[in-house]
1. What residue, among those in the stretch 115-134 that are loosely packed, with under 14 Cβ neighbours inside 10 Å and in contact (Cβ under 8 Å) with a residue 12 or more places away in the chain, is farthest from Lys70 (Cα to Cα)?
2. Identify, by number, the condition in (1) touching a Gly at 6+ places or on another chain (Cβ under 9 Å); (2) part of a helix (DSSP H, G or I) that Glu86 doesn't meet.
3. What tally of residues in the stretch 31-52 results from selecting those that are in contact with a strand residue (DSSP E or B) (Cβ under 6 Å, 6 or more places away or on another chain) and not small (Gly, Ala, Ser)?
4. Could you give every pair whose Cβ atoms fall below 9 Å, whose first residue belongs to the stretch 98-111 and is among the polar types (S, T, N, Q), and whose second residue is surrounded by fewer than 16 Cβ atoms within 10 Å (Cβ to Cβ), counting only separations of at least 6 or pairs across chains?
5. I want to confirm something. Restricting to the stretch 56-102 and keeping residues that are hydroxyl-bearing (Ser, Thr, Tyr) and touching a Leu at 6+ places or on another chain (Cβ under 7 Å), which single residue is nearest to Arg193 (Cα to Cα)?
6. Criterion first (part of a strand (DSSP E or B) and over 19 Å from Gly166 (Cβ atoms)) does Thr94 satisfy it?
7. In contact (Cβ under 8 Å) with a residue 24 or more places away in the chain, under 22 Å from Ala146 (Cβ atoms) and touching a helix residue (DSSP H, G or I) at 6+ places or on another chain (Cβ under 6 Å): is that true of Ile69 in this structure?
8. Looking at the stretch 100-119, is at least one residue over 15 Å from the mean Cα position of the chain (by Cα) and farther than 30 Å from Pro190 by Cβ?
Amino acid sequence: MAQPGKNWVTVARSRFPWEQEALDYVYGQFPAQDNYRAWANFEFIAEDGSINEVDLLIACPNGIFLTEIKSKPGVVSGDAMNWTWEHEGKRHTTENPLLLANRKCKRLKSLLCRQRAFNKEAQPYIEPLVFLSNPEVTSQLTSTAAFNVCLRDSEASKDSKVATPGIMSAIKRRECPGMKKFEESPVNRPMIRALAQAMEQAG
């Protein structure tokens, strides 16, 4: 399997082993092409003064994706606003992480568009993704609650004759509930280069 080279930047290794394992999972399948770029585990200060943590930002021909990693096991259910996690008899309700990821997308776009790299380039559209990375998670999310939410990709097997698209399918082919389909690639090489330059210029 081809491994990525300079197109993957790990700003800092995660202090959480489960989160780092999720990043390693994507890294291991990340295309080694110059039109695929990734930045893992970084922070930025938005215009409103908030400090924002980003687990993974990916720029590729199929989109620019800010990915929030959730590594809890168990069963997750809920609606577009709130999710409930159940594991070993315990229940925990939280805000749908896609909402936070979407807010980070807007803040990061605002920061990057202020950089010189985007003086003459079209502004990027950054989309949120949520990666439920634990192999033992079961998603019961339906309808809009499942939008932009990915598990691990699974291949067809004896038990399941159908392959299930996951995070890599979303990145490479936009195969994910709620993601708009395009006849042509929505992101070109100049946009990816500008994004990479803006990331450097923003520090």
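The values are calculated or read from the model by the stated rules, or taken from the named source; none is laboratory data. For clarity, every value in this text was computed on a predicted model and none was experimentally measured. Neighbour counts run over all protein chains shown; Cβ positions are idealised from the backbone, glycine included. Heads up: the accessible areas ignore ligands, DNA and RNA and are worked out on the full protein's heavy atoms, side chains in. Shrake-Rupley method; radii C 1.70, N 1.55, O 1.52, S 1.80 Å.
1. From the stretch 115-134, those loosely packed, with under 14 Cβ neighbours inside 10 Å are 116, 119-120, 122-123, 125; that's our starting set.
In the following step, the residues that additionally are in contact (Cβ under 8 Å) with a residue 12 or more places away in the chain were identified as 116, 122-123, 125.
Details: Arg116: 34, Ala122: 31, Gln123: 28, Tyr125: 23 Å.
Among residues in the stretch 115-134 that are loosely packed, with under 14 Cβ neighbours inside 10 Å and in contact (Cβ under 8 Å) with a residue 12 or more places away in the chain, the one farthest from Lys70 (Cα to Cα) is Arg116.
2. (2)
3. Result for the stretch 31-52: 9.
4. Ser110/Ala46; Ser110/Glu47
5. Filtering the stretch 56-102 down to residues hydroxyl-bearing (Ser, Thr, Tyr) leaves 67, 71, 77, 84, 93-94.
Keeping just the survivors that are touching a Leu at 6+ places or on another chain (Cβ under 7 Å) gives 67, 77.
Working: Thr67: 20, Ser77: 39 Å.
Result: Thr67.
6. Working: part of a strand (DSSP E or B): yes; over 19 Å from Gly166 (Cβ atoms): yes.
Yes.
7. Working: in contact (Cβ under 8 Å) with a residue 24 or more places away in the chain: yes; under 22 Å from Ala146 (Cβ atoms): yes; touching a helix residue (DSSP H, G or I) at 6+ places or on another chain (Cβ under 6 Å): yes.
Yes: the conditions hold for Ile69.
8. No, there is no match, as no residue in the stretch 100-119 is over 15 Å from the mean Cα position of the chain (by Cα) and farther than 30 Å from Pro190 by Cβ.
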